[in-house]
There are 2 protein chains.
Amino acid sequence: MNRLIKDVFQKHFSNEILNLMEDSAVFGVPSCKLAFTTDSFVVNPLFFPGGDIGKMAVCGTVNDLLMRGATPKYLSAGFILEDGLEIDTLERIAQSMQNAAAEANVSIVAGDTKVIEGSGGVYINTSGIGILETPLEISSHNALPGDAVIVSGNLGNHHACILSRRMGIENSIKSDCAPLREMVLNMLNGGINIHAMRDITRGGLATVLYEIAEASAAGIEIPGGLSFADTEVQGFCEILGLDPLTMGNEGKLVAVVPAEEAEKAVKIMKASKYGGDAQIIGKVCVSHRPVV
Amino acid sequence: MNRLIKDVFQKHFSNEILNLMEDSAVFGVPSCKLAFTTDSFVVNPLFFPGGDIGKMAVCGTVNDLLMRGATPKYLSAGFILEDGLEIDTLERIAQSMQNAAAEANVSIVAGDTKVIEGSGGVYINTSGIGILETPLEISSHNALPGDAVIVSGNLGNHHACILSRRMGIENSIKSDCAPLREMVLNMLNGGINIHAMRDITRGGLATVLYEIAEASAAGIEIPGGLSFADTEVQGFCEILGLDPLTMGNEGKLVAVVPAEEAEKAVKIMKASKYGGDAQIIGKVCVSHRPVV
(Lines give C-alpha, C1' and ligand atoms only; values in the text may rest on other atoms or scores of the structure.)
Protein backbone atom coordinates (compact mmCIF):
# COMPACT_ATOMS: atom_id res chain seq x y z
CA MET A 1 0.00 0.00 0.00
CA ASN A 2 2.85 2.33 0.92
CA ARG A 3 4.54 1.63 -2.44
CA LEU A 4 1.28 2.05 -4.36
CA ILE A 5 0.72 5.47 -2.77
CA LYS A 6 4.28 6.63 -3.45
CA ASP A 7 4.60 5.18 -6.96
CA VAL A 8 1.20 6.25 -8.29
CA PHE A 9 -0.50 8.99 -6.30
CA GLN A 10 2.42 10.92 -4.83
CA LYS A 11 4.25 10.70 -8.15
CA HIS A 12 1.41 12.26 -10.15
CA PHE A 13 -0.17 14.61 -7.60
CA SER A 14 3.12 15.78 -6.04
CA ASN A 15 2.94 19.11 -4.18
CA GLU A 16 4.42 20.51 -0.98
CA ILE A 17 1.33 19.90 1.14
CA LEU A 18 0.56 16.36 -0.02
CA ASN A 19 4.19 15.25 0.11
CA LEU A 20 4.35 15.58 3.90
CA MET A 21 2.06 12.49 3.97
CA GLU A 22 0.54 13.36 7.36
CA ASP A 23 -2.87 12.34 8.73
CA SER A 24 -4.26 15.60 7.36
CA ALA A 25 -3.08 18.37 5.05
CA VAL A 26 -2.47 21.77 6.64
CA PHE A 27 -2.52 25.13 4.82
CA GLY A 28 -3.24 28.75 5.67
CA VAL A 29 -6.35 30.66 4.60
CA PRO A 30 -7.28 34.32 5.03
CA SER A 31 -10.40 35.37 6.93
CA CYS A 32 -13.03 34.46 4.32
CA LYS A 33 -16.03 32.42 3.31
CA LEU A 34 -15.10 28.88 2.29
CA ALA A 35 -17.03 26.59 -0.04
CA PHE A 36 -16.81 22.83 0.69
CA THR A 37 -18.27 20.01 -1.40
CA THR A 38 -18.00 16.26 -2.01
CA ASP A 39 -18.87 13.94 -4.89
CA SER A 40 -18.33 10.24 -5.61
CA PHE A 41 -17.76 8.91 -9.11
CA VAL A 42 -18.78 5.41 -10.18
CA VAL A 43 -18.82 5.75 -13.97
CA ASN A 44 -18.56 2.68 -16.18
CA PRO A 45 -16.66 2.46 -18.53
CA LEU A 46 -13.70 4.09 -16.77
CA PHE A 47 -12.43 5.63 -20.02
CA PHE A 48 -14.61 7.17 -22.72
CA PRO A 49 -14.29 9.71 -25.55
CA GLY A 50 -13.70 13.12 -24.00
CA GLY A 51 -12.65 11.93 -20.58
CA ASP A 52 -12.35 9.28 -17.91
CA ILE A 53 -13.36 8.74 -14.28
CA GLY A 54 -10.34 10.73 -13.04
CA LYS A 55 -11.04 13.81 -15.16
CA MET A 56 -14.72 13.63 -14.12
CA ALA A 57 -13.80 13.39 -10.44
CA VAL A 58 -11.72 16.56 -10.58
CA CYS A 59 -14.04 18.56 -12.87
CA GLY A 60 -17.21 17.61 -10.97
CA THR A 61 -15.95 18.87 -7.64
CA VAL A 62 -14.24 21.93 -9.12
CA ASN A 63 -17.52 22.86 -10.85
CA ASP A 64 -19.57 22.39 -7.66
CA LEU A 65 -17.30 24.90 -5.90
CA LEU A 66 -17.52 27.36 -8.80
CA MET A 67 -21.34 27.26 -8.75
CA ARG A 68 -21.35 29.20 -5.46
CA GLY A 69 -18.87 31.71 -6.88
CA ALA A 70 -15.90 30.18 -5.05
CA THR A 71 -12.41 29.96 -6.53
CA PRO A 72 -11.44 26.26 -6.26
CA LYS A 73 -8.19 25.71 -4.29
CA TYR A 74 -7.72 22.28 -2.69
CA LEU A 75 -9.02 18.78 -3.46
CA SER A 76 -8.91 15.46 -1.64
CA ALA A 77 -9.07 12.16 -3.52
CA GLY A 78 -10.38 8.93 -1.98
CA PHE A 79 -9.92 5.80 -4.06
CA ILE A 80 -11.79 2.53 -3.61
CA LEU A 81 -10.01 -0.02 -5.79
CA GLU A 82 -11.47 -3.38 -6.75
CA ASP A 83 -9.24 -6.44 -6.70
CA GLY A 84 -7.65 -6.97 -10.08
CA LEU A 85 -7.37 -3.33 -11.11
CA GLU A 86 -4.28 -2.90 -13.27
CA ILE A 87 -1.67 -0.48 -11.91
CA ASP A 88 -1.31 0.94 -15.44
CA THR A 89 -5.02 1.79 -15.44
CA LEU A 90 -4.69 3.52 -12.09
CA GLU A 91 -1.68 5.48 -13.35
CA ARG A 92 -3.62 6.69 -16.40
CA ILE A 93 -6.44 7.82 -14.11
CA ALA A 94 -4.05 9.60 -11.72
CA GLN A 95 -2.32 11.34 -14.63
CA SER A 96 -5.66 12.44 -16.01
CA MET A 97 -6.69 13.80 -12.58
CA GLN A 98 -3.48 15.77 -12.36
CA ASN A 99 -3.99 17.22 -15.87
CA ALA A 100 -7.52 18.35 -14.96
CA ALA A 101 -6.32 19.72 -11.60
CA ALA A 102 -3.61 21.71 -13.37
CA GLU A 103 -6.13 23.19 -15.82
CA ALA A 104 -8.47 24.08 -12.94
CA ASN A 105 -5.53 25.45 -10.90
CA VAL A 106 -6.22 23.27 -7.85
CA SER A 107 -3.90 21.04 -5.79
CA ILE A 108 -4.77 17.51 -4.67
CA VAL A 109 -3.51 17.73 -1.07
CA ALA A 110 -5.08 14.74 0.71
CA GLY A 111 -5.76 11.17 -0.33
CA ASP A 112 -6.86 7.74 0.79
CA THR A 113 -6.90 4.29 -0.78
CA LYS A 114 -8.95 1.23 0.10
CA VAL A 115 -9.17 -2.13 -1.66
CA ILE A 116 -12.35 -4.21 -1.94
CA GLU A 117 -13.30 -7.46 -3.64
CA GLY A 118 -14.45 -7.01 -7.21
CA SER A 119 -13.38 -7.23 -10.80
CA GLY A 120 -10.91 -4.48 -11.61
CA GLY A 121 -13.10 -1.41 -11.14
CA VAL A 122 -12.47 1.80 -9.24
CA TYR A 123 -14.61 4.37 -7.45
CA ILE A 124 -13.30 7.85 -6.68
CA ASN A 125 -14.51 10.42 -4.17
CA THR A 126 -13.24 13.97 -4.44
CA SER A 127 -13.97 16.66 -1.91
CA GLY A 128 -12.99 20.25 -2.50
CA ILE A 129 -12.38 23.55 -0.78
CA GLY A 130 -12.74 26.91 -2.51
CA ILE A 131 -12.54 30.51 -1.33
CA LEU A 132 -15.29 33.02 -2.07
CA GLU A 133 -13.51 36.08 -3.41
CA THR A 134 -16.76 37.65 -4.61
CA PRO A 135 -19.25 39.42 -2.32
CA LEU A 136 -22.11 37.86 -4.35
CA GLU A 137 -24.37 35.33 -2.65
CA ILE A 138 -24.98 32.95 -5.50
CA SER A 139 -27.69 30.47 -4.52
CA SER A 140 -30.56 28.50 -5.99
CA HIS A 141 -32.73 30.52 -3.60
CA ASN A 142 -31.88 33.86 -5.21
CA ALA A 143 -33.46 33.77 -8.68
CA LEU A 144 -35.77 36.79 -9.14
CA PRO A 145 -38.71 37.31 -11.49
CA GLY A 146 -37.44 39.05 -14.62
CA ASP A 147 -33.98 37.41 -14.45
CA ALA A 148 -32.61 35.82 -17.61
CA VAL A 149 -31.74 32.10 -17.72
CA ILE A 150 -28.58 31.25 -19.64
CA VAL A 151 -27.19 27.84 -20.54
CA SER A 152 -23.46 27.58 -21.28
CA GLY A 153 -23.73 25.12 -24.16
CA ASN A 154 -25.54 22.23 -25.80
CA LEU A 155 -26.80 19.41 -23.62
CA GLY A 156 -26.73 15.63 -23.34
CA ASN A 157 -23.24 14.90 -24.67
CA HIS A 158 -21.86 13.13 -21.58
CA HIS A 159 -24.96 11.02 -21.02
CA ALA A 160 -25.21 10.09 -24.72
CA CYS A 161 -21.49 9.27 -24.85
CA ILE A 162 -21.59 6.89 -21.85
CA LEU A 163 -24.81 5.28 -23.03
CA SER A 164 -23.36 4.74 -26.52
CA ARG A 165 -20.28 3.01 -25.08
CA ARG A 166 -22.39 0.83 -22.78
CA MET A 167 -24.74 -0.18 -25.62
CA GLY A 168 -21.89 -0.74 -28.08
CA ILE A 169 -23.22 1.95 -30.46
CA GLU A 170 -20.57 3.55 -32.68
CA ASN A 171 -20.73 7.31 -33.13
CA SER A 172 -18.51 10.33 -32.60
CA ILE A 173 -20.27 11.74 -29.53
CA LYS A 174 -17.82 12.87 -26.86
CA SER A 175 -18.39 13.63 -23.19
CA ASP A 176 -18.37 17.36 -22.42
CA CYS A 177 -16.45 16.74 -19.17
CA ALA A 178 -14.57 20.01 -18.39
CA PRO A 179 -13.62 22.37 -15.57
CA LEU A 180 -15.61 25.62 -15.84
CA ARG A 181 -13.19 27.75 -13.84
CA GLU A 182 -12.26 30.17 -16.62
CA MET A 183 -15.90 30.74 -17.65
CA VAL A 184 -17.15 31.40 -14.12
CA LEU A 185 -14.25 33.58 -13.02
CA ASN A 186 -14.53 35.58 -16.27
CA MET A 187 -18.20 36.28 -15.46
CA LEU A 188 -17.39 37.29 -11.89
CA ASN A 189 -14.44 39.44 -12.94
CA GLY A 190 -16.64 40.91 -15.70
CA GLY A 191 -19.02 42.20 -13.03
CA ILE A 192 -21.99 39.95 -13.84
CA ASN A 193 -24.28 39.88 -10.78
CA ILE A 194 -25.09 36.18 -10.93
CA HIS A 195 -28.11 35.35 -8.77
CA ALA A 196 -28.18 31.55 -9.11
CA MET A 197 -25.88 29.08 -10.84
CA ARG A 198 -25.83 25.29 -11.09
CA ASP A 199 -23.86 22.75 -13.07
CA ILE A 200 -26.21 20.64 -15.17
CA THR A 201 -25.33 17.12 -14.01
CA ARG A 202 -27.57 14.22 -12.94
CA GLY A 203 -31.21 14.83 -13.88
CA GLY A 204 -30.31 17.35 -16.56
CA LEU A 205 -31.47 20.92 -17.15
CA ALA A 206 -35.11 20.09 -16.38
CA THR A 207 -34.26 18.94 -12.85
CA VAL A 208 -31.86 21.81 -12.13
CA LEU A 209 -34.36 24.44 -13.33
CA TYR A 210 -37.10 22.88 -11.24
CA GLU A 211 -34.83 22.95 -8.16
CA ILE A 212 -34.05 26.64 -8.76
CA ALA A 213 -37.76 27.44 -9.25
CA GLU A 214 -38.62 25.57 -6.05
CA ALA A 215 -35.84 27.13 -3.94
CA SER A 216 -36.63 30.63 -5.26
CA ALA A 217 -40.45 30.20 -5.09
CA ALA A 218 -40.77 31.30 -8.71
CA GLY A 219 -41.53 29.96 -12.18
CA ILE A 220 -39.21 29.64 -15.17
CA GLU A 221 -40.45 30.20 -18.74
CA ILE A 222 -38.67 28.56 -21.65
CA PRO A 223 -40.13 29.42 -25.09
CA GLY A 224 -40.73 26.65 -27.62
CA GLY A 225 -38.55 26.12 -30.66
CA LEU A 226 -35.13 26.30 -29.00
CA SER A 227 -32.46 23.78 -29.88
CA PHE A 228 -30.60 22.34 -26.88
CA ALA A 229 -28.43 19.64 -28.43
CA ASP A 230 -25.78 19.07 -31.07
CA THR A 231 -27.15 17.46 -34.25
CA GLU A 232 -25.61 14.05 -33.55
CA VAL A 233 -26.79 14.01 -29.91
CA GLN A 234 -30.28 15.09 -31.03
CA GLY A 235 -30.39 12.21 -33.53
CA PHE A 236 -29.17 9.73 -30.91
CA CYS A 237 -31.87 10.95 -28.50
CA GLU A 238 -34.63 10.68 -31.09
CA ILE A 239 -33.74 7.08 -31.90
CA LEU A 240 -33.75 6.06 -28.21
CA GLY A 241 -36.62 8.28 -27.06
CA LEU A 242 -34.37 10.34 -24.79
CA ASP A 243 -34.66 14.05 -24.02
CA PRO A 244 -31.49 16.19 -23.84
CA LEU A 245 -33.26 18.28 -21.16
CA THR A 246 -33.18 15.38 -18.68
CA MET A 247 -29.71 14.06 -19.56
CA GLY A 248 -26.58 14.53 -17.45
CA ASN A 249 -23.66 16.73 -18.46
CA GLU A 250 -20.20 17.17 -16.93
CA GLY A 251 -19.16 20.57 -18.29
CA LYS A 252 -22.29 22.71 -18.59
CA LEU A 253 -23.91 25.25 -16.30
CA VAL A 254 -27.07 27.28 -16.09
CA ALA A 255 -26.79 30.86 -14.79
CA VAL A 256 -29.62 33.12 -13.66
CA VAL A 257 -28.64 36.77 -14.04
CA PRO A 258 -30.36 40.19 -14.15
CA ALA A 259 -32.03 40.62 -17.58
CA GLU A 260 -30.00 43.73 -18.40
CA GLU A 261 -26.73 41.79 -17.92
CA ALA A 262 -27.74 38.74 -19.94
CA GLU A 263 -26.23 39.74 -23.29
CA LYS A 264 -22.94 40.63 -21.64
CA ALA A 265 -22.90 37.34 -19.72
CA VAL A 266 -23.48 35.33 -22.92
CA LYS A 267 -20.71 37.27 -24.65
CA ILE A 268 -18.30 36.44 -21.81
CA MET A 269 -19.31 32.75 -21.85
CA LYS A 270 -18.89 32.53 -25.63
CA ALA A 271 -15.40 34.01 -25.32
CA SER A 272 -14.50 31.46 -22.60
CA LYS A 273 -13.32 27.88 -23.03
CA TYR A 274 -16.27 25.42 -23.19
CA GLY A 275 -18.83 28.25 -23.61
CA GLY A 276 -18.96 28.59 -27.41
CA ASP A 277 -22.63 27.55 -27.63
CA ALA A 278 -23.95 29.64 -24.71
CA GLN A 279 -27.46 31.00 -25.18
CA ILE A 280 -30.26 32.73 -23.30
CA ILE A 281 -33.04 30.15 -22.98
CA GLY A 282 -35.72 31.87 -20.93
CA LYS A 283 -36.60 33.94 -17.93
CA VAL A 284 -37.74 33.72 -14.33
CA CYS A 285 -41.36 34.71 -13.73
CA VAL A 286 -43.79 35.19 -10.85
CA SER A 287 -45.59 31.95 -10.05
CA HIS A 288 -47.64 30.73 -7.11
CA ARG A 289 -45.98 27.32 -7.42
CA PRO A 290 -42.56 26.17 -8.69
CA VAL A 291 -43.12 25.40 -12.35
CA VAL A 292 -40.86 25.29 -15.40
CA MET B 1 -32.96 10.12 -5.01
CA ASN B 2 -34.39 13.48 -3.90
CA ARG B 3 -36.69 11.69 -1.43
CA LEU B 4 -33.88 9.45 -0.15
CA ILE B 5 -31.70 12.49 0.54
CA LYS B 6 -34.48 14.37 2.31
CA ASP B 7 -35.91 11.42 4.26
CA VAL B 8 -32.63 9.91 5.43
CA PHE B 9 -29.64 12.24 5.23
CA GLN B 10 -31.20 15.67 5.67
CA LYS B 11 -33.44 14.30 8.42
CA HIS B 12 -30.55 12.98 10.51
CA PHE B 13 -27.75 15.43 9.66
CA SER B 14 -29.97 18.55 9.64
CA ASN B 15 -28.10 21.84 10.14
CA GLU B 16 -28.34 25.34 8.68
CA ILE B 17 -25.53 24.90 6.17
CA LEU B 18 -26.52 21.46 4.87
CA ASN B 19 -30.20 22.32 4.65
CA LEU B 20 -29.63 24.87 1.89
CA MET B 21 -28.90 21.85 -0.36
CA GLU B 22 -26.68 23.84 -2.73
CA ASP B 23 -23.85 22.53 -4.95
CA SER B 24 -21.43 23.32 -2.12
CA ALA B 25 -21.64 24.31 1.53
CA VAL B 26 -20.51 27.85 2.41
CA PHE B 27 -19.31 29.01 5.84
CA GLY B 28 -17.01 31.67 7.24
CA VAL B 29 -13.58 31.00 8.74
CA PRO B 30 -11.13 33.35 10.45
CA SER B 31 -7.61 33.89 9.12
CA CYS B 32 -6.04 30.59 10.24
CA LYS B 33 -4.38 27.33 9.35
CA LEU B 34 -6.87 24.71 8.18
CA ALA B 35 -6.48 20.94 8.34
CA PHE B 36 -8.14 18.92 5.55
CA THR B 37 -8.35 15.14 5.28
CA THR B 38 -10.26 12.33 3.56
CA ASP B 39 -10.92 8.67 4.32
CA SER B 40 -13.07 5.94 2.74
CA PHE B 41 -14.68 3.18 4.81
CA VAL B 42 -15.42 -0.26 3.38
CA VAL B 43 -15.81 -2.33 6.55
CA ASN B 44 -17.69 -5.62 6.50
CA PRO B 45 -19.84 -6.38 8.52
CA LEU B 46 -21.52 -2.95 8.54
CA PHE B 47 -22.49 -3.31 12.22
CA PHE B 48 -20.30 -4.80 14.94
CA PRO B 49 -19.94 -4.64 18.74
CA GLY B 50 -18.80 -1.14 19.66
CA GLY B 51 -19.70 0.54 16.40
CA ASP B 52 -20.69 0.46 12.75
CA ILE B 53 -19.46 1.84 9.43
CA GLY B 54 -21.13 5.21 10.11
CA LYS B 55 -19.52 5.75 13.50
CA MET B 56 -16.16 4.69 12.03
CA ALA B 57 -16.52 7.11 9.12
CA VAL B 58 -17.05 10.06 11.44
CA CYS B 59 -14.48 9.07 14.08
CA GLY B 60 -11.77 8.21 11.53
CA THR B 61 -11.85 11.60 9.87
CA VAL B 62 -12.31 13.53 13.13
CA ASN B 63 -9.25 11.73 14.53
CA ASP B 64 -7.15 12.45 11.44
CA LEU B 65 -7.84 16.17 11.89
CA LEU B 66 -7.03 16.01 15.61
CA MET B 67 -3.66 14.36 14.95
CA ARG B 68 -2.34 17.63 13.50
CA GLY B 69 -3.70 19.54 16.51
CA ALA B 70 -6.72 20.87 14.59
CA THR B 71 -10.15 21.31 16.15
CA PRO B 72 -12.55 19.37 13.87
CA LYS B 73 -15.38 21.54 12.48
CA TYR B 74 -17.01 20.37 9.25
CA LEU B 75 -17.45 16.98 7.57
CA SER B 76 -18.68 15.86 4.17
CA ALA B 77 -20.22 12.42 3.66
CA GLY B 78 -20.19 10.60 0.31
CA PHE B 79 -22.24 7.42 0.16
CA ILE B 80 -21.88 4.67 -2.44
CA LEU B 81 -24.88 2.39 -1.99
CA GLU B 82 -25.14 -1.08 -3.47
CA ASP B 83 -28.43 -2.20 -5.00
CA GLY B 84 -30.58 -3.92 -2.42
CA LEU B 85 -29.43 -1.93 0.63
CA GLU B 86 -32.36 -1.61 3.05
CA ILE B 87 -33.43 1.96 3.81
CA ASP B 88 -33.69 0.96 7.49
CA THR B 89 -30.02 -0.04 7.44
CA LEU B 90 -29.07 3.29 5.89
CA GLU B 91 -31.12 5.14 8.51
CA ARG B 92 -29.34 3.32 11.33
CA ILE B 93 -26.00 4.25 9.77
CA ALA B 94 -27.02 7.91 9.33
CA GLN B 95 -28.28 8.09 12.92
CA SER B 96 -25.03 6.59 14.18
CA MET B 97 -23.02 9.12 12.13
CA GLN B 98 -25.02 11.97 13.61
CA ASN B 99 -24.47 10.63 17.16
CA ALA B 100 -20.70 10.44 16.59
CA ALA B 101 -20.69 13.89 14.95
CA ALA B 102 -22.54 15.34 17.94
CA GLU B 103 -20.03 13.81 20.36
CA ALA B 104 -17.13 15.14 18.28
CA ASN B 105 -18.85 18.54 17.94
CA VAL B 106 -18.71 18.59 14.13
CA SER B 107 -21.40 19.30 11.53
CA ILE B 108 -21.96 17.20 8.41
CA VAL B 109 -22.44 20.03 5.90
CA ALA B 110 -22.04 18.40 2.47
CA GLY B 111 -23.12 15.07 1.06
CA ASP B 112 -23.41 12.95 -2.04
CA THR B 113 -25.08 9.65 -2.87
CA LYS B 114 -24.41 7.22 -5.71
CA VAL B 115 -25.90 3.80 -6.37
CA ILE B 116 -24.00 0.86 -7.87
CA GLU B 117 -24.78 -2.78 -8.62
CA GLY B 118 -24.11 -5.11 -5.72
CA SER B 119 -25.70 -6.95 -2.88
CA GLY B 120 -26.85 -4.52 -0.22
CA GLY B 121 -23.51 -3.07 0.91
CA VAL B 122 -22.44 0.52 1.44
CA TYR B 123 -19.16 2.44 1.24
CA ILE B 124 -18.75 5.80 2.92
CA ASN B 125 -16.20 8.54 2.31
CA THR B 126 -15.86 11.33 4.84
CA SER B 127 -13.69 14.37 4.33
CA GLY B 128 -13.14 16.87 7.10
CA ILE B 129 -12.02 20.41 7.81
CA GLY B 130 -10.54 21.51 11.11
CA ILE B 131 -9.02 24.74 12.38
CA LEU B 132 -5.61 24.85 14.04
CA GLU B 133 -6.11 26.88 17.20
CA THR B 134 -2.72 25.84 18.59
CA PRO B 135 0.60 27.37 17.47
CA LEU B 136 2.18 23.87 17.69
CA GLU B 137 3.38 22.22 14.50
CA ILE B 138 2.48 18.63 15.22
CA SER B 139 3.98 16.40 12.56
CA SER B 140 5.49 12.95 12.10
CA HIS B 141 8.65 14.84 11.09
CA ASN B 142 9.06 16.50 14.49
CA ALA B 143 9.92 13.69 16.93
CA LEU B 144 13.19 14.48 18.74
CA PRO B 145 15.70 12.17 20.45
CA GLY B 146 14.82 12.01 24.13
CA ASP B 147 11.06 12.48 23.56
CA ALA B 148 8.69 10.09 25.30
CA VAL B 149 6.33 7.86 23.30
CA ILE B 150 2.85 7.47 24.79
CA VAL B 151 0.02 5.20 23.67
CA SER B 152 -3.53 6.18 24.66
CA GLY B 153 -4.76 2.66 25.43
CA ASN B 154 -4.63 -1.05 24.71
CA LEU B 155 -4.37 -2.20 21.12
CA GLY B 156 -5.99 -4.58 18.66
CA ASN B 157 -9.62 -4.38 19.78
CA HIS B 158 -11.14 -3.15 16.50
CA HIS B 159 -9.19 -5.56 14.34
CA ALA B 160 -9.91 -8.51 16.67
CA CYS B 161 -13.61 -7.58 16.83
CA ILE B 162 -14.06 -7.43 13.04
CA LEU B 163 -12.05 -10.61 12.51
CA SER B 164 -14.11 -12.43 15.15
CA ARG B 165 -17.37 -11.44 13.44
CA ARG B 166 -16.07 -12.45 10.01
CA MET B 167 -14.82 -15.81 11.30
CA GLY B 168 -17.97 -16.47 13.34
CA ILE B 169 -16.00 -16.62 16.60
CA GLU B 170 -18.01 -15.74 19.70
CA ASN B 171 -16.34 -13.53 22.28
CA SER B 172 -16.98 -10.22 24.01
CA ILE B 173 -14.34 -8.18 22.16
CA LYS B 174 -15.66 -4.77 21.11
CA SER B 175 -14.26 -2.29 18.61
CA ASP B 176 -12.58 0.71 20.25
CA CYS B 177 -14.08 3.04 17.60
CA ALA B 178 -14.25 6.51 19.21
CA PRO B 179 -13.66 10.22 18.55
CA LEU B 180 -10.55 11.43 20.41
CA ARG B 181 -11.52 15.10 20.47
CA GLU B 182 -11.73 15.47 24.23
CA MET B 183 -8.40 13.71 24.85
CA VAL B 184 -6.45 15.74 22.27
CA LEU B 185 -7.96 19.11 23.14
CA ASN B 186 -7.35 18.39 26.86
CA MET B 187 -3.67 17.81 26.09
CA LEU B 188 -3.41 20.97 24.00
CA ASN B 189 -5.30 23.05 26.56
CA GLY B 190 -3.13 21.47 29.27
CA GLY B 191 -0.05 22.92 27.60
CA ILE B 192 1.52 19.65 26.42
CA ASN B 193 4.01 20.46 23.64
CA ILE B 194 3.13 17.52 21.43
CA HIS B 195 5.81 16.96 18.76
CA ALA B 196 4.20 14.15 16.75
CA MET B 197 0.84 12.41 17.01
CA ARG B 198 -0.85 9.71 14.92
CA ASP B 199 -3.98 7.65 15.26
CA ILE B 200 -3.09 3.95 15.29
CA THR B 201 -5.20 2.63 12.42
CA ARG B 202 -4.29 0.36 9.51
CA GLY B 203 -0.94 -1.34 10.05
CA GLY B 204 -1.05 -0.86 13.80
CA LEU B 205 1.42 0.72 16.20
CA ALA B 206 4.44 -0.93 14.56
CA THR B 207 3.71 0.76 11.21
CA VAL B 208 2.90 4.15 12.73
CA LEU B 209 6.07 4.17 14.86
CA TYR B 210 8.17 3.20 11.87
CA GLU B 211 6.64 6.05 9.84
CA ILE B 212 7.41 8.53 12.64
CA ALA B 213 10.98 7.20 12.92
CA GLU B 214 11.43 7.49 9.16
CA ALA B 215 9.94 11.00 8.88
CA SER B 216 11.95 12.25 11.88
CA ALA B 217 15.18 10.46 10.89
CA ALA B 218 15.39 8.87 14.34
CA GLY B 219 14.98 5.57 16.16
CA ILE B 220 12.34 4.54 18.67
CA GLU B 221 13.15 2.26 21.63
CA ILE B 222 10.42 0.13 23.22
CA PRO B 223 11.57 -1.95 26.22
CA GLY B 224 10.54 -5.61 26.46
CA GLY B 225 7.91 -6.84 28.88
CA LEU B 226 5.19 -4.29 28.22
CA SER B 227 1.60 -5.39 27.81
CA PHE B 228 -0.22 -3.77 24.86
CA ALA B 229 -3.53 -5.62 24.78
CA ASP B 230 -6.54 -6.46 26.94
CA THR B 231 -6.48 -10.03 28.26
CA GLU B 232 -9.20 -11.29 25.91
CA VAL B 233 -7.63 -9.62 22.84
CA GLN B 234 -4.22 -11.04 23.84
CA GLY B 235 -5.73 -14.53 24.06
CA PHE B 236 -7.46 -14.13 20.69
CA CYS B 237 -4.17 -13.01 19.13
CA GLU B 238 -2.20 -15.93 20.59
CA ILE B 239 -4.66 -18.48 19.20
CA LEU B 240 -4.53 -16.96 15.70
CA GLY B 241 -0.87 -15.99 15.68
CA LEU B 242 -1.63 -12.27 15.46
CA ASP B 243 0.32 -9.42 17.02
CA PRO B 244 -1.56 -6.50 18.65
CA LEU B 245 1.30 -4.24 17.52
CA THR B 246 0.37 -4.68 13.86
CA MET B 247 -3.43 -4.63 14.28
CA GLY B 248 -5.70 -1.72 13.38
CA ASN B 249 -7.53 0.40 15.95
CA GLU B 250 -10.20 3.08 15.51
CA GLY B 251 -9.88 5.02 18.77
CA LYS B 252 -6.23 4.97 19.82
CA LEU B 253 -3.36 7.38 19.29
CA VAL B 254 0.36 7.55 19.85
CA ALA B 255 1.82 10.87 21.01
CA VAL B 256 5.47 11.88 21.04
CA VAL B 257 6.09 14.55 23.69
CA PRO B 258 9.07 16.09 25.56
CA ALA B 259 10.22 13.61 28.24
CA GLU B 260 9.60 16.10 31.06
CA GLU B 261 5.92 16.46 30.02
CA ALA B 262 5.24 12.72 29.64
CA GLU B 263 3.81 12.05 33.10
CA LYS B 264 1.50 15.03 32.85
CA ALA B 265 0.35 13.96 29.37
CA VAL B 266 -0.47 10.45 30.59
CA LYS B 267 -2.40 11.90 33.52
CA ILE B 268 -4.46 14.06 31.16
CA MET B 269 -5.12 11.10 28.84
CA LYS B 270 -6.17 8.87 31.74
CA ALA B 271 -8.62 11.54 32.91
CA SER B 272 -10.08 11.83 29.37
CA LYS B 273 -12.71 9.64 27.75
CA TYR B 274 -11.16 6.61 25.96
CA GLY B 275 -7.73 7.20 27.61
CA GLY B 276 -8.03 5.10 30.78
CA ASP B 277 -5.24 2.70 29.77
CA ALA B 278 -2.74 5.30 28.54
CA GLN B 279 0.92 4.46 29.17
CA ILE B 280 4.42 5.58 28.30
CA ILE B 281 5.85 2.83 26.09
CA GLY B 282 9.29 4.09 25.09
CA LYS B 283 11.43 6.92 23.81
CA VAL B 284 12.87 8.45 20.68
CA CYS B 285 16.62 7.94 20.23
CA VAL B 286 19.40 8.95 17.89
CA SER B 287 19.76 6.47 15.05
CA HIS B 288 21.52 6.52 11.69
CA ARG B 289 18.54 4.72 10.16
CA PRO B 290 14.80 4.62 11.00
CA VAL B 291 14.42 1.67 13.32
CA VAL B 292 11.91 0.72 16.02
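The values are calculated or read from the model by the stated rules, or taken from the named source; none is laboratory data. What you are looking at is a predicted structure, and each value in this text was computed from that prediction instead of being measured. Virtual Cβ from ideal backbone geometry, glycine too; neighbours counted across all protein chains shown. Quick note on the areas: whole protein, heavy atoms, side chains included, nothing else; ligands and nucleic acids left out. Shrake-Rupley method; radii C 1.70, N 1.55, O 1.52, S 1.80 Å.
At-a-glance table
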quantity	calculated
For a label point 7 Å along the Cα-to-beta-carbon line of B:ARG166, residues of segment A:101-116 with backbone N under 19 Å	A:113-116
Cβ-placed point charges (K, R +1; D, E -1), dipole of the protein assembly as shown about Cα centre in debye, nearest 20	700
Between segment B:257-292 and segment B:29-53, the alpha-carbon center distance in angstrom	25
Dipole axis of chain A (+1 Lys, Arg; -1 Asp, Glu on Cβ), positive-most option in A:CYS177, A:MET167, A:SER272	A:SER272
At 7 Å out from Cα toward Cβ: B:GLY191 inter-copy label distances (nm, ascending)	5.7
Global form of segment B:196-292, assessed from the alpha-carbon gyration tensor, a/c cut-off 1.5	oblate
Rounded to 10°, Cα long-axis angle of helix B:157-167 versus longest principal axis of chain B	60
Of A:GLY251, A:SER24, A:ILE80, farthest towards positive along the dipole that unit charges on Lys, Arg, Asp, Glu beta carbons give the protein assembly as shown	A:SER24
Cα gyration tensor category, rounded, prolate or oblate, for the protein assembly as shown with a/c compared to 1.5	prolate
Out-of-range pairs (alpha-carbon distance over 20 Å; input A:LYS11/A:LYS55; B:LYS252/B:LYS283; A:LYS55/B:LYS6; A:LYS55/B:LYS114; A:LYS114/B:LYS114; B:LYS11/B:LYS114)	A:LYS55/B:LYS6
Segment A:10-92, relative contact order [Cα under 8 Å, separation at least 6], %	20
Percentage relative contact order, segment A:180-292, counting C-alpha pairs under 8 Å, at least six apart	49
Fraction of accessible area attributable to carbon and sulfur, segment B:237-288 (%, probe 1.4 Å)	56
Cα lying deepest toward the dipole's positive end in chain B, options B:THR207, B:VAL286, B:THR89, charges on Cβ	B:VAL286
Residues in segment B:175-208 occluded by at least 50 Å² - accessible area, probe radius 1.4 Å, against chain by itself	B:ARG202
Neighbourhood charge, 13 Å Cβ-Cβ cut-off, centred on A:ILE138 and excluding it, Lys, Arg +1 and Asp, Glu -1	-4
Kirkwood-Stokes translational diffusion coefficient of segment A:5-97, alpha-carbon pairs, 4 °C, 1.567 mPa s, µm²/s	87
Relative contact order of chain B, defined on C-alpha pairs under 8 angstrom at six or more residues apart (%)	24
Cα Rg, Dmax (largest Cα-Cα span) when computed across chain A, Å	19.6, 60
Volume per residue that the Cα convex hull of segment A:91-153 spans, once the total is divided by residue count, Å³	199
Cα gyration tensor shape for segment B:7-159, rounded if a/c is under 1.5, else prolate or oblate	oblate
